[in-house]
Amino acid sequence: MNYSKAKLQFLIAFLLVGSLLVSSLAATSLARVDGSVPVSTSTMAGRLAVFDDVWATIEERYYDPNFHGVDWQGKRVIFRQSAANANGTHEFYSVLHQMIAALRDAHTRVYAPEDKFDWWNPKFVTVGLTIREVEGVPTVTQVDPASAAARAGIAPGDLLIDIDDSPVQNLIRTKVENGDSPLTGSARYRAIASLAEGPAESSVKLTWQTRTGETRSAELARFWSQRRLGFNSQRKGRIALIRLEAFTQSIGSEFAKELPKMIDGASAIILDLRTNGGGDAEAMSDIASLFLDDGINLGKFADRMGASFELTTMSKRLWSTTPDSHTSLPMIVLTSENTSSAAEIMAATLQTKRRARIVGTDTCGCVLAIRNRHALPDGGVLDVSEFDYRTAEGVRLEGRGVKPDIVVPILRRDYYERRDRAFDTARDILNNHKTK
């Protein structure tokens, strides 16, 4: 069975796990549609009602009836008693997170009702920095300049040693190596990114090593932060560097209007998708249409019941564009582990159609889709991956990602030297007219 584009509405969910430290992603607090009072997870009966709803909804809707080989019935037995005995909402939702984590699926997620979420302006709890594994060690890769972390002297490139006086390597072993099998790829990446996670207004003690080898410590408070996603551009000689962070209808419409100005007088484009976590698949399709011919197959989504949906580039987009907005300028796309979901689809298509070369590191390998969000009995929200994706060539990107044409790994010293070697490589290729 095929769904028309007008009837099938779903989101390629955001995966903000790299450019920012996402300690606690949040979701919209939904009212009960029947007008009844939500159950309370302060009671055992309420916790079990929510737990059973989460487990059963995933059991019914999940795109893979084999659950990636996970014994989903067994997970219910293991975690239901822990959910019943949980001390408060935070601990209860931690149990749910642990159960769902067994699927190793970045799109299937559950959110407590008190958490606030806007898909396109994500709000999250942070200590003001991002953690990433660089050259095999946990490294601070970004610091909010207005945060207490910055005032404490933490800098991108610093090596994280302890969290709350526990060696980080021990925490990594617990988070990454325990369970059914060791975490790899994007699952490992997300686990390390969340090492300092915790509830808002709580604190955490971090110990780190500076560039000079000095060891420092600081107590940092976790706080809510919100980020507005969009795009920006700048000129690097005759190269237009365009950073695109998400796909939404509003971003797509504005992007189409601004593209002629962004590339005016340019001889080539570097499209930076390294912080793009995905978004609206149709908006991505429309933006891809600005760089590809009409009628290009962008791949197919299918659920476990056989319902399917194909994306194509098109001449009649969801928003009007000027005739000269389509560009055939030479282009390179920058990718990283943060490049996720709809951004991976776009990168894969541009690469396969030889419209652009890919430079950077492997993408997330997180390409599933949510049909719609499920309201829980307590007012929480559950997202379930109901659609799998394959490229027009039949390649499944989930768990695989997009492999760059030119791999440029990140080094710790790059952060200290403020060097962007992926951009430098792309610029050199374009300046030397080597783009195919």
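The values are calculated or read from the model by the stated rules, or taken from the named source; none is laboratory data. As the structure is a prediction and not an experimental result, all values here were calculated from the model. Reconstructed Cβ throughout: ideal geometry from the backbone, glycine too, with neighbour counts over all protein chains shown.
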Go through region 270-302 and give me each residue that's among the β-branched types (Val, Ile, Thr), touching a helix residue (DSSP H, G or I) at 6+ places or on another chain (Cβ under 6 Å) and in contact (Cβ under 8 Å) with a residue 60 or more places away in the chain. 270
Inter-residue pairs, beta-carbon under 9 Å, first under 20 Å from residue 411 (Cα atoms) and in region 205-220, second among the acidic types (Asp, Glu) and modelled with pLDDT of 95 or more, 6+ apart: 208/158; 208/162; 209/158; 210/158; 211/158
Given region 177-296, what helices (runs of 4 or more DSSP H) lie entirely inside it while holding 2 or more residues that are on the phi < 0 side of the Ramachandran plot and more than 25 Å from the chain's Cα centre (by Cα)? 249-263
Can you find a residue that is crowded, with 22+ Cβ neighbours inside 10 Å, farther than 15 Å from residue 278 by Cα and either within 20 Å of the chain's Cα centre (by Cα) or among the charged types (D, E, K, R) (or both) anywhere in region 367-381? yes
Answer yes if at least one residue in region 133-152 is farther than 24 Å from residue 410 by Cα, at pLDDT 95 or above and charged (D, E, K, R), and no otherwise. yes
Output for region 188-212, where each listed residue is farther than 15 Å from residue 132 by Cα, in contact with a helix residue (DSSP H, G or I) (Cβ under 7 Å, 6 or more places away or on another chain) and either hydrophobic (A, V, I, L, M, F, W, C) or at pLDDT 90 or above (or both): 211
Spot the failing condition for residue 234; the list is (1) at pLDDT below 95; (2) in the same structural domain as residue 93 (by TED's automatic domain parsing), and only one is missed. (1)
Just checking, which of 240, 218, 266 is surrounded by fewer than 20 Cβ atoms within 10 Å (Cβ to Cβ) and at pLDDT 95 or above? 218
Which residue is farthest from residue 384 (Cα to Cα), if the candidates are limited to region 85-99 and must be small (Gly, Ala, Ser) and surrounded by 15 or more Cβ atoms within 10 Å (Cβ to Cβ)? 86
Could you list, in sequence order, all residues of region 345-364 that are crowded, with 22+ Cβ neighbours inside 10 Å and either closer than 21 Å to residue 309 by Cα or under 20 Å from the mean Cα position of the chain (by Cα) (or both)? 345, 346, 347, 348, 349, 350, 358, 359, 360, 363, 364
Counted residues, region 49-66 - those being touching a helix residue (DSSP H, G or I) at 6+ places or on another chain (Cβ under 7 Å) and surrounded by fewer than 17 Cβ atoms within 10 Å (Cβ to Cβ): 1
Looking only at region 67-75, decide whether some residue is aliphatic (A, V, I, L, M), crowded, with 21+ Cβ neighbours inside 10 Å, modelled with pLDDT of 90 or more and farther than 30 Å from residue 245 by Cα. no
Expected output for region 345-357 (first residue in the same structural domain as residue 246 (by TED's automatic domain parsing), partner assigned to a helix (DSSP H, G or I), Cβ below 6 Å, 6+ apart or cross-chain) is 346/284; 346/288; 356/350
If you go through region 379-389 one residue at a time, do you hit one that is assigned to a loop (DSSP other than H, G, I, E, B), over 15 Å from residue 298 (Cβ atoms) and of a type in the set (D, E, K, R)? no
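Have a look at 249, 226 and point out the one that is out of contact with any strand residue (DSSP E or B) (no Cβ under 6 Å at 6 or more places or on another chain), in contact (Cβ under 8 Å) with a residue 40 or more places away in the chain and surrounded by fewer than 18 Cβ atoms within 10 Å (Cβ to Cβ).
249
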Identify, from the list 60, 91, 114, the residue that is assigned to a loop (DSSP other than H, G, I, E, B) and over 19 Å from the mean Cα position of the chain (by Cα). 114
Residue among 427, 390, 413 that alone is assigned by TED's automatic domain parsing to the domain that holds residue 299, surrounded by 18 or more Cβ atoms within 10 Å (Cβ to Cβ) and touching a residue at least 60 places away in the same chain (Cβ under 8 Å): 427
